[in-house]
1. Hey, could you check segment 61-74 for residues that are under 13 Å from the mean Cα position of the chain (by Cα) and outside any helix (DSSP H, G or I) and say which is surrounded by the fewest Cβ atoms within 10 Å (Cβ to Cβ)?
2. Can you tell me which residue in segment 75-94 is surrounded by the most Cβ atoms within 10 Å (Cβ to Cβ), limited to those that are of a type outside the set (Gly, Ala, Ser) and under 14 Å from residue 107 (Cα atoms)?
3. Does residue 97 satisfy the criteria of being open to solvent by less than 20 Å² (accessible area, probe 1.4 Å) and either at pLDDT 95 or above or more than 10 Å from the chain's Cα centre (by Cα) (or both)?
4. Name the one entry in 60, 28, 37 that is modelled with pLDDT of 95 or more and out of contact with any helix residue (DSSP H, G or I) (no Cβ under 6 Å at 6 or more places or on another chain).
5. Does any residue of segment 75-98 turn out to be hydrophobic (A, V, I, L, M, F, W, C) and in contact (Cβ under 8 Å) with a residue 40 or more places away in the chain?
6. Name the residue, out of 90, 99, 77, 58, that is touching a Ser or Thr at 6+ places or on another chain (Cβ under 8 Å) and in a loop (DSSP other than H, G, I, E, B).
7. Out of all the residues in segment 36-60, which are open to solvent by 50 Å² or more (accessible area, probe 1.4 Å) and in contact with a Gly (Cβ under 6 Å, 6 or more places away or on another chain)?
Amino acid sequence: MSRKFLLSGAIALAFAATPLISGTATAAPATGQQAAAVTTVYYSTSGAPTFRSAINAGAANWNNSVTNVKLVERSSGASLRYTEGNDPRGSYAQTDGHGSGTIFIDYAQAQQYDNTRITAHETGHVLGLPDHYSGPCSELMSGGGPGPSCTNALPNSQERSRVNSLWANGLRVNTAAPQQRIYEELPVLAHRTR
């Protein structure tokens, strides 16, 4: 083999491998720790206009609590959609836990429970967290377990840590995982008449 072809092959191989071994240059954080990549999950509130402010507040709570994933409202091309209506089973998230799916907000439930807590809780499922109804009010994923007087809409330290861990390497695409519908199991409250 001639030297010309050997050199050409080596140069071609170097150019082909460059995208695999190089990355975007970024400044390191002042602490010396490497910054984790942030994954953006786009969501749409167009199917739940009544709850848009509560949805945005719940998303802001997550954005202020975790570093590896950010929720951004977008009118088209969103992987997460919020809808509203009546369902005797209550609010739910239908999701694969990887940033996509549908969150349904039930009108009756929203009259009894804090709307921002409902939306932040259901968003927690989309971020990969399971329910823990026996938890205290300070635990967002306890959902309606603590009762309607609980208005905490912030994830606790364990929930924040778990989401950061789940999203540490970006969006985990698992095409084999079907979406599951996760209903909020709440006690039925009797309506009082005066």
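The values are calculated or read from the model by the stated rules, or taken from the named source; none is laboratory data. This one's a predicted model, so the numbers in the text were calculated from it and none came from an experiment. Counting neighbours? That spans all protein chains shown, and the Cβs are built from the backbone with ideal geometry, glycine included. Accessible surface is based on the protein model in full, side chains and every heavy atom, while ligands, DNA and RNA are left aside. Shrake-Rupley method; radii C 1.70, N 1.55, O 1.52, S 1.80 Å.
1. Step by step, filter segment 61-74, then rank; the result is 72.
2. Among them, the one singled out is 82.
3. No, not satisfied.
4. Checking each option against the conditions leaves just 60.
5. Yes, segment 75-98 contains at least one residue that is hydrophobic (A, V, I, L, M, F, W, C) and in contact (Cβ under 8 Å) with a residue 40 or more places away in the chain.
6. Step by step, each of 90, 99, 77, 58 is checked, and only 99 is touching a Ser or Thr at 6+ places or on another chain (Cβ under 8 Å) and in a loop (DSSP other than H, G, I, E, B).
7. Residue satisfying the conditions is 37 alone.
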